[in-house]
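See below for the structure under consideration.
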Amino acid sequence: MPEVETTGNSKKLPHTVAALAYDSVNPFELAVASEVFGFERPELGVPWYRFLICADEPRPIRTAVGVLLTTPYSLEHLAQADTIIVSSSRPGIVPVSPALLEALRQSYRRGARLIAFCTGAFLLAAAGILDGHQATTHWAWADELARLYPRVRVDARRLYIDEGQIMTSAGTTAAIDLSLYVVRQDYGADIAAAVARRMVVPLHRDGGQAQYIETPLLPVSDTSEPFHSTLTWVTSHLQESITVEQMAARAAMSPRTFARRFQATLGTTPYQWLLLQRIALAQRLLETTKEPIEQVASRSGFSSAATFRLHFQRFRHISPQAYRHAFQREGRLESSSVLLPLE
């Protein structure tokens with residue numbers, strides 16, 4: 001659970017998240033940070049984040065849409081932050097103060113977690129923080145980021161990238177995806193799912209999903225559409241043996257047509273999507289139950305524990321047992337075997 005212990009006594013303070021406000025900042029992304037990290041959520045039963053909006057200047061900040069923003073917090077308050085969120089602006093058009101870049105460098109050196117939404121990555125790059133790191137940004141700005149900062153390993157294919165202390169996301173709604181991913185890392189799948197439901201957004205989109213897809217996702221209400229109804233059916237039967245051919249047949253398509261539709265709609269292959277759904281289910285089981293690894297593998301639809309371990313390591317870069325132990329050390333594993341519904 002994200003708490004920070006104070007020095008000199010045993011009292012624990014909430015994990016502090018600071019969102020930066022500077023000229024022409026994107027108000028939508030500031031709102032995302034405020035919605036996810038700023039609202040108190042007593043119904044969740046866990047100590048929530050302490051949230052600050054820190055202004056670059058003492059004067060009112062003019063956002064990208066002209067709305068003026070005032071806050072009692074300044075760059076000096078970044079020293080209190082365990083996580084700092086840099087929302088996007090118009091890179092190269094709006095100048096950024098040296099004081100802001102230096103505040104980011106100091107925060108990075110003391111170990112704060114830095115999160116950049118969309119073109120906020122340009123600020124981290126300008127501060128030298130992204131040098132040698134992999135990062136993403138909105139696909140329309142990716143080439144410019146790579147040109148201006150050649151030491152940054154830009155990957156425009158990703159929705160978001162977790163480099164440990166540094167996290168970056170693509171445009172607009174990817175800020176929501178990354179924020180919920182952070183909540184999941186801090187509190188576990190159940191809490192992240194509860195926040196997502198409150199926001200009425202998809203429960204989870206993996207960071208490796210493609211940024212740009214040719215057609216939008218089907219509306220949730222369109223349950224009569226064979227393609228969508230097939231995906232809904234799959235998420236309710238992950239424990240069963242399911243092949244791509246069977247999925248295509250349920251959608252009344254040939255396997256080739258189904259694969260093309262899948263790529264255009266979800267930006268990935270049916271097989272990769274199915275694996276990710278099973279991995280996500282396995283994570284919930286590891287976090288919320290004490291079932292043996294063999295049973296977790298079976299309930300997630302893997303043919304054996306060995307196959308499950310192989311895929312889990314591949315997608316999450318950690319073994320299932322180590323993943324479970326990480327949650328146990330933080331006191332996040334409960335004895336309940338009740339799972340939240342797949343959404």
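The values are calculated or read from the model by the stated rules, or taken from the named source; none is laboratory data. Every value quoted in this text rests on a predicted model; they were computed, and no experiment measured them. Ideal geometry is used to build each Cβ from the backbone, glycine not excepted, and the neighbour counts take in all protein chains shown. The accessibility values were calculated without ligands, DNA or RNA, using every heavy atom of the protein model including side chains. Shrake-Rupley method; radii C 1.70, N 1.55, O 1.52, S 1.80 Å.
Modelled spin-label separation between Thr71 and Glu35, with each label point placed 7 Å from Cα along the Cα-to-Cβ direction: 1.8 nm. Surface calculation, 1.4 Å probe, protein heavy atoms: Asp23 sits at approximately 50 Å² accessible. The value of relative contact order for the stretch 91-203, using C-alpha pairs under 8 Å at least six residues apart, is 22 percent.
3J(HN,Hα) couplings calculated from phi for the stretch 283-289 with the Karplus curve 6.51 cos²θ - 1.76 cosθ + 1.60 (θ = phi - 60°) are, in sequence order, 4, 4, 5, 5, 7, 10, 9 Hz; Gly and Pro show x. Classified by the C-alpha gyration tensor, the stretch 55-104 has an oblate form. Its axis ratio a/c, with a ≥ b ≥ c, is 1.5 or above, and a/b does not exceed b/c.
Split the accessible area of the stretch 42-100 by element, probe 1.4 Å, and carbon with sulfur accounts for 58%.
In this structure the amide hydrogen of Ala19, modeled in the peptide plane, comes within under 5 Å of the amide hydrogens of Leu52, Ile53, Cys54, Ile85, none closer than 5 places in sequence on its chain.
Across the stretch 37-145, the mean sequence separation of Cα contacts (distance under 8 Å, 6 or more residues apart), normalised by length, yields a relative contact order of 20 percent.
For GluC sites (Glu not before Pro), the sites in the stretch 236-306 that DSSP calls loop and that have at most 11 other Cβ atoms within 10 Å are Glu240. Stretched out straight at 0.36 nm per residue, the stretch from Gln263 to Arg110 would grow longer than its current Cα-Cα span by 50.9 nm. Summarising the amide proton neighbourhood of Ala127: residues at separation of 5 or more, or on other chains, whose placed amide H is nearer than 5 Å comprise an empty set.
Evaluating 6.51 cos²θ - 1.76 cosθ + 1.60 at θ = phi - 60° for every residue in the stretch 243-248, the Karplus couplings come out as 10, 4, 4, 5, 4, 4 Hz, glycine and proline recorded as x.
Percent of accessible area on the stretch 102-151 owned by carbon and sulfur, 1.4 Å probe? C and S atoms contribute 48 percent here. Approximating the spin labels as points 7 Å out from Cα along Cα→Cβ, the Ala252-to-Glu57 distance works out to 6.0 nm. Note: relative contact order over the stretch 45-101, using C-alpha pairs below 8 Å and six or more positions apart, is 29 percent.
Remark: the stretch 104-119, residue by residue, has Karplus-estimated 3J(HN,Hα) of 5, 4, 4, 5, 5, 5, 7, x, 5, 7, 10, 10, 10, 8, 6, 7 Hz, where x stands for each Gly or Pro and the curve is 6.51 cos²θ - 1.76 cosθ + 1.60 at θ = phi - 60°.
Label reach from Leu101 (point 7 Å along Cα→C-beta): in the stretch 128-156, amide nitrogens under 18 Å belong to 128-133, 144-153. Label-to-label distance for Tyr271 and Trp233 is 2.2 nm, based on points extended 7 Å past Cα in the beta-carbon direction.
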